[in-house]
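The values are calculated or read from the model by the stated rules, or taken from the named source; none is laboratory data. Note that this is a predicted model, so its numbers are computed, not measured. In this analysis, Cβ positions are derived from the backbone assuming ideal geometry, glycine residues included, and neighbour counts consider all displayed protein chains. Calculation scope for accessible area: heavy atoms of the full protein, side chains included, ligands and nucleic acids excluded. Shrake-Rupley method; radii C 1.70, N 1.55, O 1.52, S 1.80 Å.
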Amino acid sequence: MTSLLLLMFGFSAFSQTGVLPTDERGKYTFLEVVELPLVKKDVMSANAKRFFKGYSKSIKLDPTEGDTAFYGKGKMILSKNLVGVGHPTGEARYNISLEIRNGKYRLILTDFIVTPYERDRYGNFVPVTVSTALEKSPGKLNKAEWEKNMAFIAAESRKIAEKLKTIMSNTIKDPKPEAKKPAAVSTTTW
């Protein structure tokens with residue numbers, strides 16, 4: 001009986017899809033406004049720079065970087081996983097915007113463009129030449145794949161927002177890493 005309940009719960013959790021809301025332009029957008037009244041604006045700016053440095057491989061900032069507004073472009077790799085083994089199915093490019101004010105910040109991920117991957121003659125997964133906006137109607141045949149991509153993009157957007165919230169809640173401008181003592185070296189035993 002317990003296994004039946006777990007199985008039913010698993011199917012209900014799998015069938016729920018995360019759908020992003022649309023903005024006034026009709027684009028799917030992830031928007032989060034977080035209030036941090038204890039953190040000053042200059043500390044938030046330093047935290048934001050540290051966040052973007054950690055995501056330097058997947059998020060590229062525009063060169064017109066400021067102290068209170070950060071704009072850039074990012075990329076998520078869509079993947080298909082089966083019991084720990086998977087492969088990439090595509091990539092989703094997006095625009096990122098982070099604006100900072102006293103005691104709060106706003107994160108916006110929008111303009112998602114999905115590019116599917118295919119295998120080349122060497123067995124590598126490479127992007128195809130056709131990219132489509134996430135807002136484009138998927139049609140009957142591609143609806144399941146579109147829903148999986150939408151759920152994955154929504155989940156990854158929430159992960160980015162959670163990591164940003166963790167870093168932004170730091171109240172020290174330049175946190176010093178904890179100094180670790182080097183392990184004692186024993187020359188008598190080996």
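In square angstrom, what is the accessible area per residue of the stretch 39-132 with a 1.4 angstrom probe?
On the way: 5490 Å² over 94 residues.
On a per-residue basis, 58 Å².
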**Request:** Once you have the Cα-Cα distance between Lys57 and Thr22, take 0.36 nm times their residue separation minus that, and quote the gain in nm to one decimal.
**Result:** 9.9 nm
**Asked** Taking the Cα-to-Cβ direction at Thr64 and at Glu135 and moving 7 Å from each Cα, how far apart do the two end points lie in nm?
**Response** 2.2 nm
**Item:** the stretch 131-148 and the stretch 52-80: distance between their alpha carbon centers, rounded to Å
**Value:** 25 Å
**Request:** Count charges around Lys163 for me, please; just the other residues with Cβ under 13 Å from its Cβ, Lys/Arg as +1, Asp/Glu as -1.
**Result:** +2
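Counting other C-beta atoms within 10 Å, and keeping those with at most 11, which DSSP coil trypsin sites (Lys or Arg not before Pro) do you find in the stretch 66-154? Let's see the in-between values first.
Working: sites: Lys73, Lys75, Lys80, Arg93, Arg101, Lys104, Arg106, Arg119, Arg121, Lys136, Lys140, Lys143, Lys148; in loops: Arg121, Lys136, Lys140.
Listed in order of number, the matching sites are Arg121, Lys136, Lys140.
Greater than 27 Å separation of Cα atoms is the criterion. Which listed pairs, Lys80/Lys163; Lys80/Lys104; Lys49/Lys80; Lys143/Lys163; Lys73/Lys136, meet it? Write out the running numbers ahead of the final one.
Working: Lys80/Lys163 23 Å; Lys80/Lys104 36 Å; Lys49/Lys80 32 Å; Lys143/Lys163 30 Å; Lys73/Lys136 20 Å.
Correct reply: Lys80/Lys104; Lys49/Lys80; Lys143/Lys163.
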